[in-house]
Amino acid sequence: MRARWVVCAVLGLSALSAAHAQPRPDAVPAPALQRPVTFAAQAAPPAGVLVLPLGKAADLAARGAVLDEAARAAVARALTAEDFKYGARKTVSLRGVGPWDRILIVGLGETPDAADYQMAGAVAGRTLATEKTPLTLAAKGLPAAAVTELATGLGIGEYRSDIFQDGRRKAAAPAPATILADAPAEIETAFRTRGRALVDAMAWTRDVSNHPANVVYPESFVASARAQFAGLRGVTFEALDVPAMERLKMGAILGVGRGSARPPRMLIVRYRGAGAPAGGPIVLAGKGITFDSGGISLKDPPNMGAMRMDMSGAASVVGAVLALARAQAPVDVVAIAALAENMPDGAAIRPGDVLTAMNGKTIEIVSTDAEGRLVLADALAYAGAQLQPAAVVDLATLTGAVRTALGDDYAGLFSRHEALAAQLTAAADAVDEPVWRLPLHESYAKDTSSTYADIKNSGGTESGAGAGAGAHFIGEFIGREVPWAHLDIAGVAYGPAGDWKPDGSAGYGVRLLERFVRDWRPIPPAEKK
Ligand code: BES
Ligand code: ZN
Ligand code: MN
């Protein structure tokens, strides 16, 4: 390294770019082109693919008005023959009925709510993502809000993870979708503001999460986010570099970043919309480990590659704020992305080291693989010291233990604040990104009590409640008077292909947090503890 420094100095080259011939931040590709969407009251000449969302047999009469009598009878007969039950996420695909190349029937379930409509749209979007012909979605007779959700779901479901497959991002935009509805102008306005903002933000979150660590690292994450927020009203965008973090004494995130050639960053994006309530911003803090090798406490090789997703929490909090800013929602919200790469190196932190976080607390490192809580320690200390938050919610792929406890269906929710936990649970239920409450027992303090320092970053023997101990640790870096909740998303952030998403990132949390921030009701002081 020293020799190269000398050579670079002699040649007058930048030491950094010569020492590490690594991709520049603009290497994060532009998002895929989406199907253009228009809304209309009248059908164009029938052709291409038709989507029929149906909750029961009787819906075919209204929704199927776009079909002539013979085609409607053929669809009805096919559904009977299939013994189709109209259940949510269920589909029937028919080819060559009447003038249509394909008719896709999507079940809505008996009493669909907003999330069910969005899910039906997403299932259709995913099923038809590679269809080249124009698409018509029949939504006549449905309330405007339901149609907006269908359109939003269609965009969410179209997302594809095949980022590096040749030509995929260079291809022309897919053929357009026309959504047939009773009040097209009203729906179009709702979709153009909120719906499309969510689709785009989720696509960004999933793109950033899916990209490998040689493309997405702290600086390139920041560059990609900066491009997304450029020109949006009400946004302030600040990325703390290493000297700035040193001035703030953020010893915990700096410690995690020390073993990597890619320096850490603390990204702070605030969006304050017109008409936002007073009382301070809602702070959303995300674990942004762009790769988690475990550091000196190196992980076992199998599945280590999945640790490129260890910045999913950061991608989701930034995505949620992006959705709100794009929609110019009347909210005051901050995303903090605590970005670092956890690598083993001569300069890396070791087990036994002691770090000092921004709030002055000393931390004994038991495992360098318990790094997410370290970067979040400084993120939360920063929020408490600088932002006067109304509430703080952190999202992190923090522990394998939460997956053992809850599987892939629920994020673990930890909070000492009942009102905050209730609002998060309501938002999670409304958007179908479920959370399950887990305890923050005072006894977890024993797992993190250190002989030498104020706290230690892991129990060491791992006998206790792993996810709870991690949550407890994070909570020590924000004042008890601040309503705080922690979502451990290690089980839900990414996974295999399903009916609405491809293999890879789920973008978990973007919709949940967007809903939560919009619906936020300030917590009366009496309820704070
Ligand atoms: N990023 C991992 C947690 C993880 C595991 C996320 C599996 C997604 C899938 C985290 O940094 C980690 O290594 N956690 C340790 C904590 C332990 C050292 C206290 C774990 O879960 O084993
Ligand atoms: Zn990690
Ligand atoms: Mn780890």
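The values are calculated or read from the model by the stated rules, or taken from the named source; none is laboratory data. Being a predicted model, the structure only gives us computed values, none of them experimental. Here the Cβ is made from the backbone with ideal geometry for all residues, glycine too, and neighbour counts use every protein chain on show. Remember, those area values only see protein heavy atoms, side chains included, never the ligands or the DNA or RNA. Shrake-Rupley method; radii C 1.70, N 1.55, O 1.52, S 1.80 Å.
Key figures for this structure:
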| item | result |
| --- | --- |
| Long-range neighbours under 7 Å by Cβ, at least six apart or interchain, first residue under 21 Å from Val334 (Cβ atoms) and acidic (Asp, Glu) within the range 383-405, second more than 16 Å from ligand 3 (Cβ to nearest atom) and part of a helix (DSSP H, G or I) | Asp394/Leu380 |
| Complete set of residues in the range 86-101 that are touching a helix residue (DSSP H, G or I) at 6+ places or on another chain (Cβ under 7 Å) and closer than 16 Å to Leu150 by Cα | Ala88, Arg89, Thr91 |
| Scan of the range 326-350 for residues that are within 16 Å of ligand 2 (Cβ to nearest atom) and more than 30 Å from Tyr271 (Cβ to Cβ), ordered by number | Met343, Pro344, Ala348, Ile349 |
| Cβ pairs under 8 Å, 6+ apart, first in the range 351-378 and under 17 Å from Leu267 (Cα atoms), second basic (Lys, Arg) and within 10 Å of ligand 1 (Cβ to nearest atom) | Gly372/Lys287; Val375/Lys287; Leu376/Lys287 |
| In the range 276-312, residue farthest from ligand 3 (Cβ to nearest atom) [restricted to those that are closer than 10 Å to Asn342 by Cβ and open to solvent by less than 10 Å² (accessible area, probe 1.4 Å)] | Thr290 |
| Qualifying position, being assigned to a loop (DSSP other than H, G, I, E, B) and within 16 Å of ligand 3 (Cβ to nearest atom), among Asp345, Asp408, Asp394 | Asp345 |
| Entirely in the range 47-136, the strands (runs of 3 or more DSSP E) that have 3 or more residues that are of a type outside the set (A, V, I, L, M), touching a strand residue (DSSP E or B) at 6+ places or on another chain (Cβ under 8 Å) and on the phi < 0 side of the Ramachandran plot | 91-95 |
| The range 493-521 residues that are within 24 Å of Thr193 (Cβ to Cβ), paired with ones that are basic (Lys, Arg) and crowded, with 24+ Cβ neighbours inside 10 Å (beta carbon under 7 Å, 6 or more apart) | Gly507/Arg206 |
| Every residue from the range 304-325 that is farther than 18 Å from Asp207 by Cα and more than 16 Å from ligand 2 (Cβ to nearest atom) | Leu324, Ala325 |
| Helices (runs of 4 or more DSSP H) (entirely within the range 193-276) containing at least 3 residues that are among the charged types (D, E, K, R) and touching a strand residue (DSSP E or B) at 6+ places or on another chain (Cβ under 9 Å) | 196-210 |
| Some residue of the range 331-342 being of a type in the set (Asp, Glu) and open to solvent by 20 Å² or more (accessible area, probe 1.4 Å) | no |
| Given (1) in contact with an Asp or Glu (Cβ under 8 Å, 6 or more places away or on another chain); (2) open to solvent by 20 Å² or more (accessible area, probe 1.4 Å), number of the condition Val123 does not satisfy | (2) |
| Members of the range 388-432 that are hydroxyl-bearing (Ser, Thr, Tyr) and either open to solvent by 50 Å² or more (accessible area, probe 1.4 Å) or more than 16 Å from ligand 1 (Cβ to nearest atom) (or both) | Thr404, Tyr410, Ser415, Thr425 |
| Residue that is nearest to Ala190 (Cα to Cα) [pool: residues in the range 294-312 that are of a type outside the set (A, V, I, L, M) and more than 10 Å from ligand 1 (Cβ to nearest atom)] | Arg308 |
| Odd one out for Ala445, checked against (1) open to solvent by 10 Å² or more (accessible area, probe 1.4 Å); (2) in contact with a helix residue (DSSP H, G or I) (Cβ under 8 Å, 6 or more places away or on another chain); (3) not in a helix (DSSP H, G or I) | (3) |
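Residue-wise test of (1) surrounded by fewer than 24 Cβ atoms within 10 Å (Cβ to Cβ); (2) of a type in the set (A, V, I, L, M, F, W, C); (3) assigned to a loop (DSSP other than H, G, I, E, B).
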| residue | (1), (2), (3) |
| --- | --- |
| Ala471 | no, yes, no |
| Ile474 | no, yes, no |
| Ile478 | no, yes, yes |
| Leu487 | no, yes, no |
| Gly491 | no, no, yes |
| Ala497 | yes, yes, yes |
| Tyr508 | no, no, yes |
| Leu513 | no, yes, no |
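Residue-by-condition table, conditions (1) over 29 Å from Arg192 (Cβ atoms); (2) open to solvent by less than 70 Å² (accessible area, probe 1.4 Å):
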| position | (1), (2) |
| --- | --- |
| Ala40 | no, yes |
| Leu54 | no, yes |
| Ala70 | yes, no |
| Ala73 | yes, yes |
| Ala81 | yes, no |
